[in-house]
1. Cα centroid distance between the stretch 196-240 and the stretch 379-434, in Å?
2. Can you sort 293, 280 so the residue with the fewest Cβ neighbours within 10 Å comes first?
3. Sorted from fewest to most neighbouring beta carbons within 10 Å, what does the list 161, 521, 121 look like?
4. What whole number of Å gives the distance from the Cα centroid of the stretch 318-339 to the Cα centroid of the stretch 138-186?
5. In degrees from 0 to 90, rounded to the nearest 10, what is the angle of the helix 218-228 Cα long axis to the longest principal axis of the chain?
6. In bins 10 Å wide, starting from 0, what share of all Cα pairs of the chain does each bin hold, as a percent?
7. Between residue 532 and residue 683, with labels modelled 7 Å along Cα→Cβ, what's the label distance in nm to one decimal, could you check?
8. Using each residue's phi in the stretch 393-409, evaluate 6.51 cos²θ - 1.76 cosθ + 1.60 at θ = phi - 60° and report the 3J(HN,Hα) Karplus result to the nearest Hz, with x for Gly and Pro.
Amino acid sequence: MDMTSFTRRHLILAGTAASLSAPLPALAAGSAPKAYGATPSPRQYRWHNRTAYAFVHFTINTFTDREWGYGDESVNLFNPTDFSADQIVEAAKAGGLTGLILTAKHHDGFCLWPSAYTEHSVKNSPYKNGRGDIVREMSEACGRHGLAFGVYLSPWDRNHSEYGHPAYVEYYHNQLRELTTQYGKLFEVWFDGANGGDGYYGGARETRRIHAPTYYGWDTVRAIVRKNQPDAVMFADADMDVRWVGNEEGHAGDPCWPTVDTTPYTQEKGNKGVRGGPIWNPAETNVSIRPGWFWHADEKPRTPANLTKIYFESIGRGTTLLLNLAPDRRGRVPDADVMSLKAWKAIIDKTFSRNLAAGGTVTASTAFGSGYAATNILKPGKFWAAKDSDRAGAWTEITLPSVRTFDVIRFAEDIRLGVRVDDYAVDVFDAKGWREVARHTSIGHERLIRLPAPVTASRVRLRILTAAASPVIGNFGLFLMPPVLEEPIVRRDSKGMVTLTATAAGQSLFYTADGSEPTASSTAYSAPFALTRGGVVKAMARDDRTGVASAVTTVEFDVSPANWTVVKSNIDTPDALLRGETFTGPDGQPIEAIIDLGETLDVKGFVLAPPVQNISLGIDRVNRMGPPAGYEVWVSADGAQWGDMSAEGEFSNIAANRTGQRISFATPKSGRYVRIRLPRAVQDKPVIAVGKIGIITR
């Protein structure tokens, strides 16, 4: 039985053993529509069908509580107490993930395999007395459990003394040859976009700049992977098989075209693609199950409902989903994360277990020959196509076997013939006649439409509004999700007022502010409430129609800036700092500010959020802005005598990760005044921009 495209992918997510390495299905015999524009290579087509797979961030950072290691970490720190490659792979499989990409080397330069080219590797760590090889163990565990294996090899290396010089490039190529020849078949090779900056660099402890598009010898990199792993796709911002979606939050653009043009990569282009671009370069949506990429004891995993939302906003928009798992210091995925993965898979399995359109009667306004008949739209691996002359206004209609209730609509283009459809709408026929329930742009490899509420209908119609070539569409399905409520959003403004927001209509919200678990008997939310001194808010949603409850959102707030004053600063709008709005410093200068907290507090650290990109400032201004690369902080009792610096360091991954950076002091500092200095922006941007600053006292 030939199970391709959606049917194959969703059966894999449901746990059915189906091989993604099988020969590619043939196009329909006889006359077929001509391909339009760029099309995927065979390796890209197989990658599209993989749908969802795991990232695994595990290295020396796991033991230092960092996101980015500096490169000076001792190899003796890497010593997991109960490492189990099988447990990690089984956790990925429990979430329905089809493959796994391991961080073989992150920016700190520590190698999880016994590389012949460096001593900064697992071979000199206490793990298995230096005889361990994490890469091999993970590769073999993937083989045992039927998952594909891939590797991440950071181009940036903050440990290597020759980084920034030609000798490092040779070293990097040698590492790539090791990983692509010694660990079996790889499905993806991942190259991170972080490049150059401060580092240990063999003891030099300096800043090194490189020209990323040319320094690493990308032509040689591509040649090495093509020779040793011809079926593997390569990931990078640009000029590879797969592009970055432009954020680490788990959502693709809508639309998110799988094609791009030849202009330089931008995060906006990564998120949306370019309609009609000459290059097939689809997006991969990468996001972590926890706030950080590496394990941190104070972080919790995403809920199943939130993972489901991410599923629809990534896979449902035509991208693949790369979900990061973060093993702890034992070398295992934490139990809470595994529970969330299993519950998420159960939601997806339940949703797609029954196609409510199956057995329906199909008609269409037009058909491109017998190989592309209207009835194909319900047949796995087959497609309906309209005649090219009829593409504007083409439609297909399914009369359901009986009246059906559904809230998910699914269909796909045959991307081997290119991306052909632009705009389309879906109508349902009920007791009141035809009505439109969805309208979108771009179908691509997979389009999942999650309706805001279930609808009941006897007929469903897909209308093509505009198309660049004759529509070629298949794998149509209607599905009913099990009751899933995403937890409510909890926010607090600069005045200390807390607001709860439901993620959909028809929900009631309940909360507590004393640390207890909320129930339907707790305080019902009706208006914002004050929490200026901080505290723990726990909130849940309850569907008014079904009574189904969401998971609980837990947010711990610290002291609000309601009583703060900016005593001195060089930022453009000092009040923006107090309002929690984006503010910037002068061109080419550090940001400096002194804040009066209004009272003496035991300050344990601070929180800084990156700026929210605001296009209204003008694209030239936005392109000149970047979040701060590092920080210097002092605390004072009187605002005159500052004493020793309370903390200094860098913000790891702040350019890509839009969540707040939480910096804890080594020891609490008692005082009323906080002085913060942000020396420079990331990526040598001339203007430092900050989204929000807070303090930690709890």
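1. Cα centroid to Cα centroid, the span is 43 Å.
2. Final ranking by Cβ density, sparse to dense: 280, 293.
3. So the residues, fewest neighbours to most, are 521, 161, 121.
4. That distance is 21 Å.
5. 60 degrees
6. Final binned percentages: 3, 14, 23, 25, 20, 11, 4, 1, 0.
7. Label-label distance for residue 532 and residue 683, simple model: 4.0 nm.
8. x, 4, 8, 9, 10, 10, 8, 6, x, 7, 4, 10, 10, 8, 9, 10, 10
Bear in mind these aren't lab numbers, they're just calculated from the coordinates by the rules spelled out. Since this is a predicted model, take the numbers as computed values, not measurements. Cβ: placed from backbone, ideal geometry, glycine included. Neighbour counts: every protein chain shown.
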